[in-house]
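Report on the following structure.
Values quoted throughout were computed directly from the atomic coordinates according to the rules given, and no laboratory measurement underlies them. Bear in mind the structure is a predicted one, so any value in this text is a computation, not a measurement. Using ideal geometry, Cβ is built from the backbone for each residue, glycine included, and neighbour counts are taken over all protein chains shown.
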Amino acid sequence: MHLNFRRAFNRAGGAAVGASVLAMALVQDGGAQDGALVHHIVIESFAFSPASVTVKVGDKIEWVNNDVVPHTATAMDKSWDTGQISNGESRVVVATAAGAIEYFCVFHPHMKGEIVSVAAPGHADAPGR
Ligand SMILES: [Cu+2]
C-alpha cells in the first residue's frame, strides 16, 4: 500500500492561519472535490489525538500543536513530512491516493499515528462514512 500526500504548509513561519489558505490552494491544484473534509488532529502531551484517522481521497488532514515544544508529522517511509510544527501552529496535507500509512514525530519517535485514506468515488454520499 502506498499513500501519497502532498504537503501544504506555511513556509513563511507567520500566522498559523496561513496554512489553511495554502491548503485551499493545494486542493485546487490537486482537483477540488465536493464533500472534501478537514480532519483535525491535535498534538498534545506528546501524542497525536486521535492517533488514527480515516479520510477520503481529497480530504485534508490538519495537525495543530498545543504542546510547548515543536513536533512533526512525518510519514514512516518519509514520503511526506509536515516539517516542524511549533506551539500554536498547524500544518495541512491532502490525501491524494488511497492507502494506509503510519507517521511519527521525528523529534519524539515514540509519538505515532496512522492515516487510512479510502477512495471516494462519489463524495459526501459515498458509502463508508
Ligand atoms: Cu514530537
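Assorted remarks:
- Of the peptides 104-113, 53-62, the ranking by mean beta-carbon count within 10 Å, highest at the top, reads 53-62, 104-113.
- The stretch 43-129: C-alpha gyration tensor shape, a/c 1.5 cut-off, then a/b vs b/c: prolate
- Each Lys or Arg adds one and each Asp or Glu subtracts one; over the other residues with Cβ under 14 Å from the Cβ of Pro70, this totals -3.
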